[in-house]
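Data first, discussion second: the structure below is written as structure tokens.
Please treat every number below as a calculation from the coordinates, not as lab data. Quick caveat, the model's predicted, so the values are computed rather than measured. Cβ coordinates were reconstructed from backbone atoms using ideal geometry, including for glycine residues, and neighbour counts include every protein chain displayed.
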Amino acid sequence: MSPLAGYLLVAALLFAIGLAGALTRRNAILVLIGIELMLNAANLNLIAFWRYGPHPEALTGMMFAIFSIAVAAAEAAVGLGLVIQVHRHAKTTDLDQMNRMKG
Amino acid sequence: MSFAFWAVTALTVAGGLAAVTLKNLVHCALAVSVAFAGLAMLFLQLDAQFAGFAQILVYIGAVAILVVFAILLTRNADTPKEGGVFSRTWLAGLVVAAAVFAVLGWAVLAGAKGLPNEAAAPAVTVQQIGQALMGRYVLPLEIVALLLTSALIGAVIVAMHEAVNEKGGAK
């Protein structure tokens with residue numbers, strides 16, 4: 001197995017773990033953690049392809065990963081702010097209990 | 001595949017698994033920090049020093065702290081009283097995740113022959129990254145700056161909404 005395939009498999013496994021967390025957990029914060037894991041797995045793919053790609057000096061994959069990290073940070077801040085506001089409104093972060101759109 | 005790769009992979013996957021399975025939310029936040037640290041080490045193994053240290057600064061330094069703050073502000077680090085930590089539809093979620101992993105793994109293994117095998121470590125300095133950010137990628141950089149500013153203001157406004165309503169009485 002080439003090193004690139006190994007990194008891609010690790011990224012696929014991490015993506016699946018994050019997806020499982022986002023889909024199976026009841027707490028909204030844990031769903032956000034799962035989404036962060038998925039974004040990180042995508043970043044690992046970008047960096048691995050940059051490292052083993054034909055033109056690493058062009059920095060394309062690296063730049064994509066850096067911008068992706070910045071966007072993920074913004075997403076985490078807004079997502080957690082939303083969770084805090086929902087908790088204030090519904091007195092819970094349990095997603096199974098948040099089943100009404102009218103609040 | 002070196003021993004270091006497998007060790008860091010085991011650490012990362014164990015951290016990720018613990019983050020999505022543990023009952024106590026604070027333990028989950030600690031486990032996800034371990035997974036982020038493992039990913040940063042994988043970046044360093046891939047000769048992407050800048051991305052690795054950015055990962056440590058942004059994820060362990062900021063996102064993990066934000067998660068801990070959110071957990072403490074919503075005051076439910078303890079496990080829920082009834083029904084466990086998993087959603088009612090956990091089986092469907094697990095099946096979807098397993099199917100996604102099967103498809104991704106199959107795609108990687110089926111295409112493994114066409115992947116490049118070994119490449120010399122790219123000699124990229126932080127100076128080159130900075131020049132690229134200030135030259136070719138200056139427009140995306142400015143857009144990210146705008147995005148971060150609006151996300152900062154938006155997060156504060158979303159989280160402060162109730163207080164404004166109480167003061168202004170504009171409910």
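In chain B, with Lys and Arg counted as +1 and Asp and Glu as -1 at Cβ, which of these residues, B:Ala92, B:Val13, B:Val158, has the Cα nearest the positive end of the dipole, that is, farthest along it?
Checked the options; the winner is B:Ala92.
Give me A:Lys102, B:Lys23 sorted ascending by neighbouring Cβ count inside 10 Å, so fewest comes first.
A:Lys102, B:Lys23
How many Cβ atoms of partner chains, on average, are near each residue of B:35-44 if near means within 10 Å of its Cβ?
Mean shielding count: 4.
Among rounded, prolate and oblate, which fits the protein assembly as shown when a ≥ b ≥ c are the square roots of the eigenvalues of its C-alpha gyration tensor, a/c under 1.5 means rounded, and a/b larger than b/c means prolate?
Taking the square roots of the gyration eigenvalues as a ≥ b ≥ c, the protein assembly as shown is oblate.
Taking the protein assembly as shown, how many lysine pairs are there with alpha carbons less than 25 Å apart, if each pair must be eight or more places apart or span two chains?
Close lysine pairs under the 25 Å cut-off: 8.
Dipole size in debye (nearest 20) for the range A:12-103 around its Cα centre, Lys and Arg Cβ +1, Asp and Glu Cβ -1?
420
Between B:Val126 and B:Ile153, what length comes free when the chain is fully extended (0.36 nm per residue of separation minus the Cα-Cα distance, one decimal in nm)?
Full extension from B:Val126 to B:Ile153 adds 6.7 nm.
Determine the shape class of the range B:1-100: with a ≥ b ≥ c the square roots of the Cα gyration tensor eigenvalues, call it rounded for a/c under 1.5, and otherwise prolate if a/b is greater than b/c, oblate otherwise.
Cα axes put the range B:1-100 in the oblate bin.
What does the charge count near A:Thr24 come to, summing +1 for each Lys or Arg and -1 for each Asp or Glu among other residues with Cβ under 15 Å from its Cβ?
Charge balance in the 15 Å sphere: +2.
Run lengths n ≥ 4 of DSSP H only: what is the helix-derived mean residue ellipticity at 222 nm for chain A, with -39500 (n - 2.57) per run over all residues, to the nearest 500?
Calculated from helices alone, the mean residue ellipticity at 222 nm is -27000 deg cm²/dmol.
What ranking of A:Ser68, B:Ser150 emerges when the number of other C-beta atoms within 10 Å of each C-beta is taken as an exposure proxy, fewest first?
Fewest-to-most ranking of A:Ser68, B:Ser150: B:Ser150, A:Ser68.
Hey, rough spin-label estimate for B:Ala98 and A:Ala58, points 7 angstrom out along Cα→Cβ, what's it come to in nanometres?
The two pseudo-label positions are separated by 4.1 nm.
How do A:Met101, B:Met160 line up, fewest other C-beta atoms within 10 Å first?
Ranked by crowding around the Cβ, least crowded first: A:Met101, B:Met160.
At a threshold of 8 angstrom on Cα-Cα distance, excluding pairs fewer than six apart, so keeping six or more, what relative contact order does chain A reach in percent?
27
Distance between the C-alpha centers of the range B:2-56 and the range A:5-67? Whole Å please.
Spelled out, the Cα-based centre of one part sits 11 Å from the other.
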